[in-house]
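Taking it in order: structure first as structure tokens, then the write-up.
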Amino acid sequence: MPAIRTAIIGYGYAGRVMHAQLVRAARGLDLYAVSSRDPGRRQQAESDWGVKTYGSVADLLRDDAVDLCVMATPHDTHKPLSLQCLAAGKHVVTDKLMCMNAAEADEMIGAAQRSKRMLSVFHNRRWDCGYLTLKQAIADGLLGELLTVESTVVSWGHPSPDRWRSHKKHGGGSFRDWGAHLIDQALQLAGAPVTAIDCDMLYTEPGLDVETSARCTLRFEGGLRYTVETGCISALPRLRWYVRGTRGSFCKTGLDPQEDALRKGEVNAALAQPPEDRAEVRFETGGRRESRRLATRPGNWPAYYQNVADHLLKGEELAVKPEEIRRVMAVIDTAADSAEKGQVIACRI
């Protein structure tokens, strides 16, 4: 079976460390080309992988051999580049954030449907070790019905004004970056419509128009309260997960180690976390209370691109569908509205 010839558009950190390595690891995908306006990055891609390189997307799209284009570019470029690639008959993967808002997501989904090409979004953190461990604890009945979830990724530092992620016009800010992953996990875990959103954002960096802290609570049909927190004002660490249910509670520290492994070029390394980052659960069973440390389920970011390959070559169901991520964009839109107005926004997402 022929491989899907894959081109990465943008060869900064995400293109080089994440997408290139994970594409190469997927059976059925061929890392074929890289497009970058930066001559130094084109040279680096040629040296790293021996791929073809192009100085513009237009030049890349004139290569009929390209089957799939991956957007590893700033958030505000995802829609126009995706529309350009879909119109040229290419399948498309965008890095998250999918685009700037739900209206742009609708345009992209419509274009994919008209061109009869695949559109997906790189939500690799559906395969994070902590998220998979929590899903297993829920499936094993250790928590009962979920009541509250706190999902937190915070750090300490100052956003650099030289980085595009520090500017609103490019879709910057940690809530649109990390928050997109955390909201996607929320929608997947809850499996119900969002009925209200309450978001507050703090701005502490003079001269920057992106938040340095965001706290957003989603209320789901059925009663679940799910709080997502991001930002860079926390000198002390927070729990990554704190979950309470009718039967028990779950907590976990630490971020998934797969990004560190990719920085070292260890795509398929053993990714079990150290004991101090294992999850703890306390629950009630047989009329008595029990505490247990849970073995961390290994993460599996390579599964994302393996699914893309299997979808295109074998017709398997697409794991990350654009309509699902359109919901993420609608939540982010409503959260921004809530933060700006300083009020809870009723919705049905």
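Quick rundown of the values:
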| quantity | calculated |
| --- | --- |
| At 1.306 mPa s and 10 °C, Stokes D of region 4-122 from Kirkwood alpha-carbon radius, µm² per second | 114 µm²/s |
| Of all DSSP beta bridges in region 110-255, antiparallel share, percent nearest 5 | 80 percent |
| Subset of Lys52/Lys96; Lys96/Lys168; Lys52/Lys116; Lys96/Lys169; Lys96/Lys321 violating a 18 Å alpha-carbon distance limit | Lys52/Lys96; Lys52/Lys116 |
| Integer Hz, Karplus 6.51/-1.76/1.60 couplings in order for region 318-330, x for Gly and Pro | 6, 6, 10, 8, x, 5, 5, 6, 4, 4, 4, 5, 5 |
| Ordering of 278-290, 188-200 by packing [mean C-beta count within 10 Å, highest first] | 188-200, 278-290 |
| Chain lengthening between Glu145 and Lys169 when straightened (0.36 nm per residue, less Cα-Cα) | 4.6 nm |
| Ranked packing of 15-24, 242-251, most packed first, by mean Cβ within 10 Å | 15-24, 242-251 |
| Candidates Tyr11, Tyr226, Tyr203, ranked by Gaussian network fluctuation over the chain, Cα under 10 Å, top entry | Tyr203 |
| The chain: Cys lacking any partner C-beta under 4.7 angstrom | Cys99, Cys129, Cys232, Cys251, Cys347 |
| Counting DSSP beta bridges with both ends in the chain, the antiparallel % (nearest 5) | 60 percent |
| MRE, 222 nm, helices only [DSSP H, n ≥ 4, -39500 (n - 2.57), over the chain, to nearest 500] | -10000 deg cm²/dmol |
| Nearest 10 degrees, 0 to 90: helix 174-190 Cα axis against the chain principal axis | 60 degrees |
| Rounded to the nearest 20 debye, dipole of the chain from Cβ charges on Lys, Arg, Asp, Glu | 500 debye |
| Whole-number Å³ per residue for the convex hull built on Cα positions in region 169-225 | 79 Å³ |
| Ordering of 157-167, 93-103 by packing [mean C-beta count within 10 Å, highest first] | 93-103, 157-167 |
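Bear in mind these aren't lab numbers, they're just calculated from the coordinates by the rules spelled out. The structure presented is a predicted model; accordingly, all values stated were derived computationally and were not measured. Quick reminder, even Gly has a Cβ in these numbers, built from the backbone with ideal geometry, and neighbours come from all protein chains shown.
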